[in-house]
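Derivation of every value follows stated rules applied to the coordinates shown; laboratory data play no part. In this text, all values refer to a predicted model and were calculated from it rather than measured experimentally. Note that we place each Cβ from the backbone using ideal geometry, even for glycine, and neighbour counts take in every protein chain shown.
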There are 2 protein chains.
Amino acid sequence: MWDRLLTGCNIATMDPNVPGAFGAILDGAIGIQDGRIVRVGRRVELAGYRAKSVEPLGGAWVTPGLVDCHTHLIFGGNRAGEFEQRLNGASYQEIARAGGGILSSVKATRLASLDELVEQARPDTMSELKMLEAARALGESEAVRISPTLLALHALPPEYADRRDAFVEMAIEDMIPAAAEAGLATAVDAFCEGIGFSPDEVRALFTAAGEHGLRVKLHAEQLSNSEGAALAAEFGALSADHLEHADEAGIGAMARAGMVAVLLPGAYYALREERKPPVELLRRHGVPMAVATDCNPGTSPTLSPTLMLSMACTLFRLTPEEALAGMTVHAAKALGLEREIGTVTTGKAADLCVWRVSRPAELCYWVGHPGPERRIVAGVDS
Amino acid sequence: MWDRLLTGCNIATMDPNVPGAFGAILDGAIGIQDGRIVRVGRRVELAGYRAKSVEPLGGAWVTPGLVDCHTHLIFGGNRAGEFEQRLNGASYQEIARAGGGILSSVKATRLASLDELVEQARPDTMSELKMLEAARALGESEAVRISPTLLALHALPPEYADRRDAFVEMAIEDMIPAAAEAGLATAVDAFCEGIGFSPDEVRALFTAAGEHGLRVKLHAEQLSNSEGAALAAEFGALSADHLEHADEAGIGAMARAGMVAVLLPGAYYALREERKPPVELLRRHGVPMAVATDCNPGTSPTLSPTLMLSMACTLFRLTPEEALAGMTVHAAKALGLEREIGTVTTGKAADLCVWRVSRPAELCYWVGHPGPERRIVAGVDS
């Protein structure tokens, strides 16, 4: 006897092994036992099974639980003041002189207590480690899976302005070992960019990550082409993220390395960028595209995954099926969790969303769909 | 003794008579009696008053209730299928041949029952009159004020393709008198555009509206300049809406007529327009700018007023104060309701939103703020 049987639903399994658009099963049913999916199929195929709870869903659509594979959700303060100053005519230089920009978030995050960070991230380091601890606490207190990444090289703190090497050394010799030892991160990330860190610095960081058994990911080719995609491929990275300025050489390298391209339309929108990621090249090389919020106080202050589905379609011209795959099956792969989550498939965790829509494309069509009617995490309504 | 005293809040009154940005009152209080605001001021100024219910708000920000002054909320079906076809590569012509486009919404709306229309619009003609009845029913069943407009000339139904004049005549001789007599609309609107209706047709419609005591509004200069803004000014219109292609002559006429410019960033986003409304010209001529969702199934399928605040700032470069004025004080004026709603002012209806934010600009900063913590309509929590 199963724990639950969801029935009378249409299922966008997003499983590439299920034929047809969205891997859809019409008039389907899902068996759940011990937090996992034990059977998925047409309703008639599951008719003989019994469950403690049989739940007819009245024709609703079920998708895998949405996976936001690139979010900087843990931060102190927000940057609404700076947003306002800029729209009132202040220049970036004036804002930076007044203490704004990413370093203002670094400062606010340093000043915040762990509890404050957890509290803010609930409906919203410095130690990077404190942020990872906040992420872990969030995963323990809320019905959400957290896959934490150590963003070791993002912005150079001002006190290291004249000692750049010392900061990189600290990331390599202190942050990575500490995060690995405490089991606080499963991957290491960096911002490879003129205003971030150089390919050589990233290479040294990624080498250290490998030595500590951590996978890597990279913020690459957002504002210019630094050949970050190829560098990430060299290290067998899970993903390269942003990619507005990626070229065919980098995308070919990503394809050969089996990487995921993570597209971040919220940052493109908020920064009013004009250069879009090379979606056609990614398609041609068969690189799976994930879509994520990039939630952060400076360049993508959004909390809505469904709005990112809209923006992926409207701004980047993904098809609704590509966009939804980008927040399910391919997002799971970008986190190295493709065996556990991302599709409605027998054996995977029972992480599901139930939507009152007429077809899956509606999730992308509404400009910010208000969200699922029900969320199920590891078999439990949340 | 008042009914309610909200206290310990910061108030963005949006009242032009209150000095300073957002007409803000810090550490303020609001007295409410019989659904209306009876006193607004600093907390210490209201300390001597008594109320049946005294409610400390713990430093939250209070704004006027948001006013969405341009929405086509009542419609049958949605156009997610067409959205998907287009992203999958179908041309507009192919979609139209397959029965898509606005006429598919007209058809779905004609087929829907009144109850279905009300039901759809709740979380989300033909006859145009049936839509107005649905709007009225929505206002009666939900805690929301409805200010209904008869959009008499929007798209020519296919059965009138060869009898254009007969349709305009029906709008003038049947629809306007019927709507006026039943008290179903307070204003009459039209779509003045090459693909809509001509200035002469609109002029005839507006003349009839005036004869029946109805104000007018106009969808003007969205896709091209048809001199609709000046035409609307000629008839003392409440507003001209869209305005991407408006020129200085039209804007000057609007200023002299005391009209409001209604900006609709959701349609600009969904249609991937490149031409923005002339915000600088509107500022220079002192034309008040409202901001609205334009919620409709074809060109702006959005339900989020706060997302429009973000888009007004990010896409159109309004300041946060301008954007919030656009969904409060100026939106009220665009409906002719500026004496009743739109600011937190003694004597007006107690329509209020309570927000857990650090400053009003946060409502525009988040890319789709999830909405107020509390809504108060006519003095009652909703």
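Worth pointing out:
- Between A:143, A:154, A:175, the Cα set farthest toward the positive side of the dipole of the stretch A:128-199 (charges on each charged residue's Cβ, about the Cα centre) is that of A:143.
- Charge dipole of the protein assembly as shown (Cα centre as origin; +1 on each Lys and Arg Cβ, -1 on each Asp and Glu Cβ, all else neutral): 1140 debye, rounded to the nearest 20.
- Counting charges near residue B:340 (Lys, Arg +1; Asp, Glu -1) among other residues having Cβ under 13 Å from its Cβ returns a value of +3.
- Every pair of different Cα atoms in the stretch A:1-150 enters the Kirkwood calculation, which places the hydrodynamic radius at 19.1 Å.
- Summary for residue B:101: label point 7 Å along Cα→Cβ; distances to the equivalent points in the other copies, ascending, 5.2 nm.
- For the stretch A:168-290, the Cα gyration tensor yields ellipsoid semi-axes of 25, 15, 13 Å (square root of five times each eigenvalue, largest first, whole Å).
- Quotient of the Cα radius of gyration of chain A and 2.2 N^0.38 Å, N being its number of residues: 1.00.
- P(r) of the stretch A:268-381 over all Cα-Cα pairs, binned every 5 Å from zero, in whole percent: 2, 11, 18, 23, 22, 14, 7, 2, 0
- 13 Å beta-carbon shell around residue B:178, net charge (K/R +1, D/E -1): -4
- A quarter of the convex hull surface defined by the alpha-carbon atoms of the stretch A:67-201 gives 9.2 nm² as the mean projection.
- Other-copy label distances relative to residue B:162, 7 angstrom Cα-Cβ extension, nm: 8.7
- The mean count of C-beta atoms from other chains within 10 Å of the C-beta of residues in A:260-269, rounded to a whole number, is 1.
- Rg/Rg_globular for the protein assembly as shown, with Rg_globular taken as 2.2 N^0.38 Å and Rg from C-alpha atoms: 1.00
- Each copy carries a label point for residue A:140 at 7 Å from Cα toward Cβ; from one copy, the others' points are 5.5 nm away, ordered from shortest.
- If you take the Cα centroid of the stretch A:312-382 and the Cα centroid of the stretch B:65-110, the two points sit 24 Å apart.
- Neighbouring Cβ atoms from other chains, within 10 Å of the Cβ of residues in B:292-302, number 2 on average.
- Reciprocal of mean inverse Cα separation for the stretch B:80-303 (Kirkwood radius, Å): 18.3
- Look at the stretch A:69-82: the mean tally of other chain Cβ atoms within 10 Å of its residues' Cβ atoms is 2.
- Projecting the Cα atoms of B:371, A:307, A:367 onto the charge dipole of the protein assembly as shown (Cβ charges, centred on the Cα centre) puts B:371 farthest toward the positive pole.
- Under 19 Å, Cα to Cα: Lys pairs in the protein assembly as shown, sequence gap 8 or more or different chains: 6
- Per the axis that maps chain B onto chain A, nearest residue of B (Cβ criterion) and its distance in Å: B:368, 3
- Ordering B:88, B:261, B:330 by the projection of their Cα atoms onto the charge dipole of the protein assembly as shown, which places +1 on the Cβ of Lys and Arg and -1 on the Cβ of Asp and Glu, puts B:330 at the extreme positive end.
- From the alpha carbon centroid of the stretch B:215-244 to that of the stretch A:124-164 is 51 Å.
- Overall, the stretch B:98-241 carries a charge dipole of about 220 debye about its Cα centre when +1 sits on the Cβ of Lys and Arg and -1 on the Cβ of Asp and Glu, all other atoms neutral.
- Per the Cα gyration tensor, the stretch B:219-262 maps to an equivalent ellipsoid with semi-axes of 14, 10, 8 Å, ordered largest to smallest.
- Listed by Cβ neighbour count within 10 Å, with the fewest neighbours leading, B:83, B:316 appear as B:316, B:83.
- Chain B: calculated mean residue ellipticity at 222 nm from DSSP helix runs of at least 4, using -39500 (n - 2.57): -9000 deg cm²/dmol
- Principal semi-axes in Å for the stretch A:1-72 [√(5λ), Cα gyration tensor, largest first]: 22, 16, 11
- Förster radius 41 Å - calculated FRET efficiency between residue B:170 and residue B:382, Cβ distance, rounded to 0.05: 0.60
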